[in-house]
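First comes the structure, then the notes that go with it.
The values are calculated or read from the model by the stated rules, or taken from the named source; none is laboratory data. Because the structure is a prediction, the values reported are computed rather than measured. Every residue, glycine as well, gets a Cβ built from its backbone with ideal geometry; the counts of neighbours run over all protein chains shown.
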Amino acid sequence: MWICSQCGEPVDDLLDSCWKCAGGPAVPAGKSAAPPEKSAATPPAVTRIEPGPLRREDDAGAQALVVKVVQHRLQADLTEAYDRIAQFSLDPQCSRSLNEPLSLRDGPALYIKIIYKADNRGLTVMLLQAGRDLLTLNTTGPADSFMTLRLSPASALTISIVRPRQ
């Protein structure tokens, strides 16, 4: 970890600049201002982690289009923990646009933008951090889909889209 020289935020060694303000590391006297080097074993930014069953067995809300956001965390004892961060239910007959903050456990401030167009059943989900696009998931048609974004070596975020049953 290193500390940002502009905002004082702790930043993971895998990043060259601050995730919050794009600043560089604080430089003690007599040290180089070069950002920390990335190791060769840097984990991929996007990974596929199976989020579990997307469909509910009951019929409650079966006609809604659902966007779920789940945080996966690797705990100190190497077990995984799952936190449902948000769930958005949309009427598939009505176009809609949402822009909501996401509160992660031990993570950066993120925003989710969801745009649904009823005429072509197109859905766009964007994950934003400090005004920068981290992930965009576009989908049309009847298929469920998901994408997982690694936030740190011990944390990932999965966005699942569950389409209504036909």
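Before moving on, here are some points about what is shown:
- Only one of Arg96, Arg105, Arg84, Arg73 that is modelled with pLDDT of 80 or more, of a type in the set (D, E, K, R) and surrounded by fewer than 11 Cβ atoms within 10 Å (Cβ to Cβ): Arg84
- Summed over region 73-109, residues that are in a loop (DSSP other than H, G, I, E, B) and more than 13 Å from Leu157 (Cα to Cα) total 10.
- Among residues of region 125-136, those that are over 17 Å from Asp91 (Cβ atoms) and either in contact with a Gly (Cβ under 7 Å, 6 or more places away or on another chain) or in contact (Cβ under 8 Å) with a residue 12 or more places away in the chain (or both), counted: 8
- Inside region 137-150, residues that are without any contact (Cβ under 8 Å) to a residue 24 or more places away in the chain and under 14 Å from the mean Cα position of the chain (by Cα) make up a count of 0.
- Within region 123-136, tally of residues that are under 13 Å from Val67 (Cα atoms) and over 11 Å from the mean Cα position of the chain (by Cα): 2
- Boolean, Ala45 is modelled with pLDDT under 55 and over 21 Å from Thr140 (Cα atoms): yes
- Within region 135-161, tally of residues that are within 18 Å of Leu104 (Cβ to Cβ) and either touching a helix residue (DSSP H, G or I) at 6+ places or on another chain (Cβ under 7 Å) or not in a strand (DSSP E or B) (or both): 2
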